[in-house]
1. Among the residues that make up the range 611-620, is at least one of them in contact (Cβ under 8 Å) with a residue 60 or more places away in the chain, within 30 Å of the chain's Cα centre (by Cα) and surrounded by 13 or more Cβ atoms within 10 Å (Cβ to Cβ)?
2. I'd like to check something: does the range 80-89 contain any residue that is within 16 Å of the ligand (Cβ to nearest atom) and over 24 Å from Glu442 (Cβ atoms)?
3. Name the one entry in Gly588, Gly570, Gly612 that is in a loop (DSSP other than H, G, I, E, B) and within 28 Å of Gly218 (Cα to Cα).
4. Taking only pairs six or more apart or across chains, which ones have beta-carbon atoms under 6 Å, a first residue in the range 349-364 that is among the hydrophobic types (A, V, I, L, M, F, W, C), and a second residue that is modelled with pLDDT under 95 and within 9 Å of the ligand (Cβ to nearest atom)?
5. Does Pro453 count as surrounded by fewer than 16 Cβ atoms within 10 Å (Cβ to Cβ), within 27 Å of Asn358 (Cβ to Cβ), more than 16 Å from the ligand (Cβ to nearest atom) and touching a residue at least 24 places away in the same chain (Cβ under 8 Å)?
6. Look at the range 456-481 and say how many of its residues are away from the ligand (no atom under 16 Å from the Cβ), among the β-branched types (Val, Ile, Thr) and more than 19 Å from Val42 (Cβ to Cβ).
7. When you scan the range 1-45, how many residues do you find that are modelled with pLDDT under 95 and away from the ligand (no atom under 16 Å from the Cβ)?
8. Please specify each residue of the range 11-40 satisfying the condition of being surrounded by fewer than 24 Cβ atoms within 10 Å (Cβ to Cβ) and in a helix (DSSP H, G or I).
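The values are calculated or read from the model by the stated rules, or taken from the named source; none is laboratory data. What you see is a predicted model; the values in this text were computed from it and never measured. Cβ atoms come from the backbone with ideal geometry, glycine included; neighbour counts cover every protein chain shown.
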Amino acid sequence: MPSNITQKLIKNHLISGEMIPGEEIGLKIDQTLTQDATGTMVMLELEAMGLERAKTEASAQYVDHNLIQVDSKNPDDHLFLESATRRFGIYFSRPGNGVSHPVHMQRLAKPGKTLLGSDSHTCANGCMGMLAMGAGGIDVAMAIAGEPFYVKMPKVWGVKLTGELPDWVSAKDVILEMLRRHGVKGGVGKVIEYYGPGVKTLSAMDRHVIANMGAELGATGTVFPSDEEIKRFLKEQGREGDWILLEADDGATYDINEELNLSDVVPLIAKPSSPGNVVPVSEVEGTPIYQSYIGSSANPGYRDFAIAAEIVKGKHIADGISFDVNPTSRQMLTDLVRESHIASLLQSGARLHQAGCNGCIGMGQAPATGRNSLRTTPRNFPGRSGTREDSVFLCSPETAAVSALTGKITDPRNANIQYPKVDQPKNPVIDTKLLDEPLPYEEAKKVKLQKGPNIASIPKMDEMPDKMELPILLKMGDNISTDEILAGGARVLPYRSNLPEISKFTFEIIDRTYYTRAKETGEHAVVGGFNYGQGSSREHAALAPRYLGLRVALVKDFARIHWQNLVNFGVLPITFINEEDYNSLEQGDVLELEDIRKKIAQGNELTISVKGKNKEMKVKHLLSERQIDIILAGGLINWVKKRQAERTV
Ligand code: MIC
């Protein structure tokens, strides 16, 4: 039977389960990616598992998120990560080397392979003909230890690209068009596979831009073919030998079919405060801005900076605008310097920042109160920029650069500027000096982990009790992001390796009293609407509430990664069978769950009663047998330990 690329990738890595959409499958993982904000936890988990050496073909740890060193916490984390990568046989990309996704694409990505990363934008490397997926840290730790990654078999959503992008429209507008059509949960349970004649008009980095923000659609992954363009890209990186041809077979079919004519795409923008809030730029044209920001894993390519540089060359940005340039890798920054693009940006009034994630996750560059920020980043969830009541718009580098010149949101087609032509640099730099190779095993096994005072081991968690009375401490609406459950940003990120400390910020963006109430109450539940836990893969958004006593999350439906993270840390994720029941629940109601251990294992449906209200409601869980065991054990760490103990008996 002819297969599409996603089916080929899954078939070649299938360890357990059947390829039936919705069924749990286990996949062999060839490569992993971790970054500092999630990686410290992963390394602590590897230590807790007693790992001797990474069992993957390549695992890489990047330091790109926490680069602001206001005290010893972040540098201590960096040293810990360095020692752990040396100990476990993992690549180490040093601070300043760049954002994980583009650096991984340049140095390690290989067509035909699977990649699992503790970062929701890991899907960006699907641009290389890989099955690249984001997951919680502990799932990545398991993959590093050679265990399969379990996920529900996705539907494959074929998007046929035709035509060619017009001037002033670029890859970011393509993914914004997908978000305009389908919203932030349109991709849940699906892999988006792009094919058709339009694909070859997009460079490897353009494809990266489109694949990256598949995360914002909630998709399990995004897949592009590995064609002549990927061969060219790998050759440019001195890695032509890693190329293989990977295309859908003639006659391959998809579960869902869609067509997108690139020639019809217009400059688009996501309004505050959701990446799904997309309209044509022309609709908000004239809105004054305080900041224009380029960079991040959502627009990491050389051309994304070069085109902005060409647009502002010889001109000056509008008075009062902060034009923030965030290069994504040292390699690319060197090329941009060599080709004088950085000079053009600086002469126009730009502020140049170091290569890294920076303001994308609220590490600096927060906008002023009540002012609009225009960004090429992937997300604009409330408060993510670091400013509590922020107003962030997402757009292409073309729109950002032109708007920096005018001081207001401007459709780049109306700017009366000649559309600049940007060529790739001739012989781009290849510089691996800040990417340390794994140590040979004999040396690695002598390395001691270096733990600074801010690194706290993960506390023990108990099993799921049989009977629970859980007050609802929060009732929330739709599309709650993990940024709202546990913020990023310069105040919070330094505690990613310190659970007791980071838990103090839990749900702070939604309700500042949650932490104190949870401390007083102990075991409790939260209630939410649709797409609960969208966004970042940070497992801290499950781990911190669990640490504070969260036992059950009852919502209309879940985003994939957060759902998996809740299970991994022993929080029971359940959904309403009758959505009306959501309306009848109030914050403060007490949910009663009886005989729960037996009932979870017996079937998908459970009955919950509301104490003192003479009310019962039916809810369901979508857990596999393996996940039921994990939940009952109180989380994945307990489950692994239990399995290890059973094996040694
Ligand atoms: C993000 O874009 O939200 C992040 C920062 O990359 C996160 C990772 C994190 O929370 O550390 C992600 O998407 O997983």
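1. Scanning the range 611-620 turns up at least one residue that is in contact (Cβ under 8 Å) with a residue 60 or more places away in the chain, within 30 Å of the chain's Cα centre (by Cα) and surrounded by 13 or more Cβ atoms within 10 Å (Cβ to Cβ).
2. No - not one qualifying residue is present in the range 80-89.
3. Going through Gly588, Gly570, Gly612 in turn, the sole match is Gly570.
4. Ile361/Gly488
5. Considered against the rule, which asks whether it is surrounded by fewer than 16 Cβ atoms within 10 Å (Cβ to Cβ), within 27 Å of Asn358 (Cβ to Cβ), more than 16 Å from the ligand (Cβ to nearest atom) and touching a residue at least 24 places away in the same chain (Cβ under 8 Å), Pro453 comes out as yes.
6. Adding up the residues that qualify gives 1.
7. Of the residues in the range 1-45, 1 are modelled with pLDDT under 95 and away from the ligand (no atom under 16 Å from the Cβ).
8. Lys11, Asn12, His13
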